[in-house]
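Only one structure is covered here, and it is reproduced in the block below.
Rule-based calculations on the coordinates, nothing more; no lab input. The structure presented is a predicted model; accordingly, all values stated were derived computationally and were not measured. All Cβ positions, even for glycine, are placed from backbone atoms using ideal geometry, and neighbour counts span all protein chains on display.
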Amino acid sequence: MKSRFFVFKIVITIFLVLGFESMGVARTFDVTIVSTKQVVCNIGDTLKFYGSGNGDYVTINGHKVLTSVPSSPPYLSYIGQYIISTGDSSFCISNAEGPWCGTITIVDNIDLSEICLGADINIYPNPVKDVLSISDIQSAQIKIIGLTGVIFKKIEFKNTSIMINIGDLQPGIYFVEIVSDKGRKLYKILKQ
């Protein structure tokens, strides 16, 4: 890297939650260019990426997932966030100077639907085309979240079941986060 870039100190927010004992709360990790080389996390955790402000983009397992807008002069800037899913093993923050790469180590390789406390919840169909049904839950908040952490829908309800129209979303992988007084569940769905 050129000398105009400082070696940035990074504070990685790590809340060691062995076995998801604190209600299955997903953790957030800061990942910074020229600093972070490894992230040890769980499926459902969020990575927040920071780059040099020089047209940075982020790849996960070689696939571009985030892009920033160049800033003038270049300085440490937020690129975006990404939610860890099964199979994620590497990241790169790249720009005109070249890539800064590191590894992702998933310590508890469990299904996303297991990251919770509380009763069983039924989410169907999966894959889904237009309408997602959720049943066997009472009084909760539901979020439909993209892979980069963008919240597309946020719904509060007090029934035992709900049907959510997601026909307006682009095809791809999304997360359904359900939070109630009994805990939190995070599901991965495929929108066709």
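From the cross-link list K143/K182; K154/K191; K143/K188; K143/K191; K129/K182; K64/K154, which pairs have alpha carbons spaced over 20 Å apart? Can you show the working numbers first?
On the way: K143/K182 16 Å; K154/K191 17 Å; K143/K188 12 Å; K143/K191 15 Å; K129/K182 29 Å; K64/K154 26 Å.
Long pairs (Cα-Cα over 20 Å): K129/K182; K64/K154.
Rg/Rh for region 112-191: what does it come to with C-alpha atoms and Rh from Kirkwood?
A ratio of 0.92.
Under the Karplus relation 6.51 cos²θ - 1.76 cosθ + 1.60, θ = phi - 60°, what is the ordered set of whole-Hz ³J(HN,Hα) values for region 182-192, x standing for Gly and Pro?
Once θ is set to phi - 60°, the couplings for region 182-192 become 8, x, 9, 10, 10, 10, 9, 10, 10, 8, 8 Hz.
Take E97 and K153, extend 7 Å from each Cα along the Cα→Cβ direction, and tell me the distance between the two endpoints in nm.
4.2 nm
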